[in-house]
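Below you'll find the structure, written out as structure tokens, and then a few comments.
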Amino acid sequence: MRRAHSCKELRDVKPDWCKGGYDTDPSVSEGNRITTHPPRMPPAATAILLFYLIASFSPLISAHLNLTLSHQHPYPESVVQQVQRKVNESIAIARRQILETTVRDNKCQTGNPIDDCWQCDPNWTKNRQRLADCAIGFGQGAMGGKGGQIYIVSDSSDKDTVNPSPGTLRHAVVQEEPLWIVFAADMVIKLKHELIVNNYKTIDGRGANVHITGSGCITLQYVSNVIIHNVHIYNCVPSGNTNIRSSPTHVGWRGKSDGDGISIFGSHNIWIDHCALSHCTDGLIDAIMGSTAITISNNYFSHHDDVMLLGHDDKYLPDSGMQVTIAFNHFGEGLVQRMPRIRRGYVHVVNNDFTHWQMYAIGGSANPTINSQGNRYTAPDDPNLKEVTKREDTDNGQWDEWNWRTDGDIMVNGAFFVPSGQGLSNQYAKAYSVDPKSALLVNQLTGNAGVLGGPRYFSISTCKIMRLSMFEV
């Protein structure tokens with residue numbers, strides 16, 4: 001994950017971020033600009049400054065809610081309870097259907113509340129935007145391109161980062177208006193540089209086998225309301241030191257990226273669902289610099305070292321308001337660590353299947369709150385690697401008050417989770433209980449994790465084939 005940028009580079013992504021106004025690209029004429037703008041949220045720094053000014057006059061309110069970001073939920077445990085209610089409701093409906101029918105469509109009423117929300121409609125292709133109503137957890141407010149037009153990507157090329165061709169993914173994601181982006185056919189999109197996504201966009205890969213790879217990969221920087229659904233993302237490498245368009249009216253210079261699969265930087269209301277991520281240079285998904293209101297669900301992670309980083313730096317206080325839901329994902333073969341690694345903030349890890357790690361599964365520093373519920377942790381055979389958790393660069397006396405809680409988790413092959421803080425007592429506000437047959441439920445809830453409608457994840461056996469097809473693009 002890249003570090004903080006200079007004021008100039010920040011302005012190159014969002015020109016109103018620093019004083020000095022817009023550096024408008026003169027090549028864009030007034031007639032080519034999109035004028036139907038969705039409401040823009042204030043930049044993260046402005047929102048944080050505004051909150052601190054209000055808090056200075058209302059210390060009691062600030063102390064009671066403990067808010068640091070404008071889009072932070074004031075009562076995170078209520079979101080946790082809502083997730084559990086939705087899971088329990090979907091499971092109850094699925095069980096009733098099994099009793100009432102002899103044949104069951106395994107794509108409908110799985111007990112997974114996200115999938116059951118839209119897959120049970122046989123005509124979902126005629127109402128794709130229904131998906132935007134199906135998110136759960138902290139990112140459930142992500143609208144994506146709901147209410148906007150359907151944009152069909154028909155060209156897999158990425159030849160020009162300054163003037164992208166109509167019909168390409170890059171041309172779609174930089175537009176100002178809300179767009180629901182779909183794909184005309186199976187395609188491998190080999191990016192030339194970072195793909196900078198604007199506000200109110202849905203990248204919807206359902207109905208096609210879509211692969212995004214190459215240089216930089218996907219960047220969400222100072223944006224909101226983005227949904228990324230049902231695409232393969234892999235082999236992302238660093239790139240940059242070039243001009244890249246971030247909107248119809250702005251082109252800016254970008255420094256070198258780190259090679260993340262998806263980089264979330266100072267953004268909110270983000271939902272990453274049913275993607276397969278692997279083989280990137282840095283993180284598969286990293287969320288830093290005051291990002292919050294994020295849900296990461298139904299994804300298949302494999303073949304990577306530093307899987308997921310949540311939080312910029314131990315000393316970066318705004319990340320205390322970070323809130324992330326990690327639900328129904330499969331953490332699979334070839335993973336080493338950071339599933340996730342958390343600095344500050346509040347993370348709900350619920351009903352995931354952790355089948356591989358080579359160092360640890362969940363780690364953190366700077367007093368994050370970790371609520372682990374109904375997961376299955378399968379430890380490696382190495383007797384020295386059985387612990388699920390790791391407190392990074394911290395002595396016992398410093399972390400014994402951190403709220404790390406395990407509730408209804410299943411520990412396999414000697415795995416163990418070291419709780420701390422109020423998670424050891426009833427003082428920690430509990431969510432709804434997880435079904436006692438949680439090991440069976442994990443199979444049920446994560447059975448379709450990854451990309452739907454084809455290979456669930458990018459495997460080593462297909463790597464050579466996909467690389468050949470990339471060179472043909």
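Out of N269, N235, one residue alone is in a strand (DSSP E or B), open to solvent by 20 Å² or more (accessible area, probe 1.4 Å) and within 23 Å of N112 (Cα to Cα). It is N269. Selection of segment 325-346 for residues being farther than 18 Å from L445 by Cβ and in a strand (DSSP E or B) yields L335, V336, Q337, R341, I342, R343, Y346.
Restricting to segment 409-449, name every residue that is open to solvent by less than 40 Å² (accessible area, probe 1.4 Å), within 19 Å of N329 (Cβ to Cβ) and at pLDDT 85 or above. Within segment 409-449, D409, A415, F417, L441, V442, L445, T446, G447, A449 qualify. Suppose we keep only residues that are under 12 Å from the mean Cα position of the chain (by Cα) and in a loop (DSSP other than H, G, I, E, B) within segment 284-306. Which one would you say is farthest from S239 (Cα to Cα)? That would be N298.
Scanning segment 154-176 for any residue that is without any contact (Cβ under 8 Å) to a residue 60 or more places away in the chain, assigned to a loop (DSSP other than H, G, I, E, B), of a type in the set (S, T, N, Q) and out of contact with any Ser or Thr (no Cβ under 8 Å at 6 or more places or on another chain) turns up at least one such residue.
Can you tell me which residue is nearest to G414 (Cα to Cα) among those in segment 364-375 that are buried (at least 22 other Cβ atoms within 10 Å of the Cβ) and of a type outside the set (A, V, I, L, M, F, W, C)? The residue in question is N375. Working carefully through the options T219, T202, T242, find the one that is touching a Pro at 6+ places or on another chain (Cβ under 9 Å) and either in contact (Cβ under 8 Å) with a residue 24 or more places away in the chain or open to solvent by less than 10 Å² (accessible area, probe 1.4 Å) (or both). After applying the criteria, what remains is T202. The residues of segment 135-151 that are touching a helix residue (DSSP H, G or I) at 6+ places or on another chain (Cβ under 8 Å), within 17 Å of T295 (Cβ to Cβ) and outside any loop (DSSP other than H, G, I, E, B), listed by number, are G137, F138. Scoring A185 on the criteria (1) open to solvent by less than 10 Å² (accessible area, probe 1.4 Å); (2) within 30 Å of P122 (Cβ to Cβ); (3) not in a strand (DSSP E or B) leaves a single failure, condition (1). Only a single criterion out of (1) open to solvent by 10 Å² or more (accessible area, probe 1.4 Å); (2) in contact with an Asp or Glu (Cβ under 9 Å, 6 or more places away or on another chain); (3) within 26 Å of V87 (Cα to Cα) is not satisfied by L310, namely (1). Looking at K190, K126, just one residue is in a strand (DSSP E or B), open to solvent by 30 Å² or more (accessible area, probe 1.4 Å) and of a type in the set (D, E, K, R), and that residue is K190.
The values are calculated or read from the model by the stated rules, or taken from the named source; none is laboratory data. Every value quoted in this text rests on a predicted model; they were computed, and no experiment measured them. Quick reminder, even Gly has a Cβ in these numbers, built from the backbone with ideal geometry, and neighbours come from all protein chains shown. All accessible areas refer to the heavy atoms of the entire protein, side chains included, with ligands and DNA or RNA removed. Shrake-Rupley method; radii C 1.70, N 1.55, O 1.52, S 1.80 Å.
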